[in-house]
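Working notes for the structure below.
The values are calculated or read from the model by the stated rules, or taken from the named source; none is laboratory data. Here the structure is a predicted model, which means the values were calculated and not measured. Don't worry about glycine lacking a Cβ; one is built from the backbone with ideal geometry, like all the others, and counts go over all protein chains shown.
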Amino acid sequence: MNKTIIALAITAALPVAAQADATISGSVSVKYVSGAVTNTEALAITSTEVLANGMTATASMNVLTGASGKASLAGDFGTITAGSIDDDAAFQAGDVAGVVGDSSGTTTTNTSTTGLHYAGTVADLAFQVQRNATTTQASATYDFNGLTIGAGWADGAATTASAAVVALAAITASDTVVGRTAVAAVAAGTTAGVTADMTVVGASYAFGDLVVKVGKSSLADRAVGTATYTTTLDAITLTASASSATTATASAASSLSAAYTLDGITLTAKSAKAATGVNSSSLTASYVSGDLTVTANNNSAFSAALDLGNADLTLARSASNATTAPSTTSVTYKVAF
């Protein structure tokens with residue numbers, strides 16, 4: 001028999017993977033503020049392929065930086081990710097009570113590091129394990145009948161902010177808000193990083209509109225309990241919450257907010273008491289009409305954003321604060337593809 005015919009027959013009998021789909025995406029943003037113009041660009045390539053065995057392989061790369069690429073393989077066994085991954089992807093998953101701080105050392109951004117991460121689920125048990133350059137962290141959560149129980153742990157030593165492993169549950173000496181504890185015994189230039197005894201356990205249970213959480217971090221003096229109740233009365237949504245103190249010297253925290261929505265306008269008023277005993281209040285108004293979204297608050301902050309399809313035009317005014325910085329007005333135009 002002709003060898004070419006045999007080869008073609010064997011090839012036809014083998015399972016064939018779907019052709020990989022490559023996507024190029026990115027954005028260009030131009031911002032004008034205080035007489036200065038700044039540009040921000042992003043360009044990424046992502047490729048996804050369904051393999052013959054049913055698993056899905058994905059690879060992505062930030063073309064402009066060249067250092068934020070990652071690859072993943074997903075299937076019935078779970079998902080394995082290698083490359084640039086969120087530094088708190090495993091550890092924070094066990095923090096169902098929200099008792100640890102943001103891992104990047106700031107409350108507004110997360111960072112990533114190079115490592116290997118695995119996530120899987122067996123029945124109602126979800127678990128994650130991550131290995132970075134010098135640190136291993138893991139966590140697990142279990143859900144049944146409205147009750148979620150989680151635990152997370154990590155090993156390693158305290159690290160500097162510029163080290164390969166950005167600190168988990170980063171804490172500053174001046175940070176005493178509920179859910180975090182000040183750690184003074186940290187060398188200059190470092191953050192409270194991963195320590196051998198850094199563990200966190202927590203549980204959350206929903207009683208209809210009432211959600212109760214309790215958790216404990218190894219860096220905190222005591223366990224933290226929170227209760228949040230949310231209800232809707234006609235067009236008004238009320239939310240009340242209370243948290244216990246994290247230390248013997250801190251006070252409990254509480255907040256009460258009311259949101260009223262009518263004809264696209266939402267007014268939200270909130271009064272809160274922090275663990276430091278400081279009281280605060282705020283009033284926010286937002287309006288949505290078609291592609292236009294307008295927001296303003298009692299600190300004179302204002303923004304108007306117009307959705308133009310693959311482009312966004314935003315006019316914003318920052319909050320004025322005499323003790324930090326004066327208010328600024330900016331115009332931003334962003335195009336994404």
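Go through 286, 327, 282, 318 for me and flag whichever is closer than 29 Å to residue 99 by Cβ and either in contact with a strand residue (DSSP E or B) (Cβ under 9 Å, 6 or more places away or on another chain) or of a type outside the set (S, T, N, Q) (or both).
Step by step, each of 286, 327, 282, 318 is checked, and only 282 is closer than 29 Å to residue 99 by Cβ and either in contact with a strand residue (DSSP E or B) (Cβ under 9 Å, 6 or more places away or on another chain) or of a type outside the set (S, T, N, Q) (or both).
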Failed item in (1) of a type in the set (Ser, Thr, Tyr); (2) more than 25 Å from residue 293 (Cβ to Cβ); (3) in contact (Cβ under 8 Å) with a residue 24 or more places away in the chain, with residue 244 passing the rest: (3)
Some residue of the stretch 275-286 being aliphatic (A, V, I, L, M), touching a residue at least 60 places away in the same chain (Cβ under 8 Å) and at negative phi: yes
Sole exception among (1) under 22 Å from residue 210 (Cβ atoms); (2) assigned to a strand (DSSP E or B) for residue 282, by number: (1)
Test: residue in the stretch 141-157 that is over 21 Å from the mean Cα position of the chain (by Cα), in a loop (DSSP other than H, G, I, E, B), over 29 Å from residue 83 (Cβ atoms) and at pLDDT below 50: no
Which numbered condition residue 232 misses (of (1) in contact (Cβ under 8 Å) with a residue 60 or more places away in the chain; (2) more than 22 Å from residue 93 (Cα to Cα)): (1)
Residue match in the stretch 66-74 (condition: within 14 Å of residue 119 (Cβ to Cβ), touching a strand residue (DSSP E or B) at 6+ places or on another chain (Cβ under 9 Å) and not aliphatic (A, V, I, L, M)): yes
Pairs where the first residue, in the stretch 44-64, is touching a residue at least 40 places away in the same chain (Cβ under 8 Å) and closer than 21 Å to residue 114 by Cα and the second is β-branched (Val, Ile, Thr) and part of a strand (DSSP E or B), C-beta under 6 Å, 6+ apart: none
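I'd like to know if the stretch 245-267 contains one or more residues that are on the phi > 0 side of the Ramachandran plot, among the charged types (D, E, K, R) and modelled with pLDDT under 95.
Yes.
Among the residues of the stretch 231-241, is there at least one that is among the small types (Gly, Ala, Ser), assigned to a strand (DSSP E or B), modelled with pLDDT of 90 or more and under 25 Å from residue 320 (Cβ atoms)?
No.
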Tally, over the stretch 242-270, of residues that are over 25 Å from residue 304 (Cβ atoms) and not in a strand (DSSP E or B): 9
Members of the stretch 278-332 found to be more than 22 Å from residue 267 (Cα to Cα), surrounded by fewer than 15 Cβ atoms within 10 Å (Cβ to Cβ) and hydroxyl-bearing (Ser, Thr, Tyr), listed by number: 323, 324, 327, 328, 329
Strands (runs of 3 or more DSSP E) wholly inside the stretch 1-120 containing at least 3 residues that are in contact with a helix residue (DSSP H, G or I) (Cβ under 8 Å, 6 or more places away or on another chain) and modelled with pLDDT of 90 or more: none
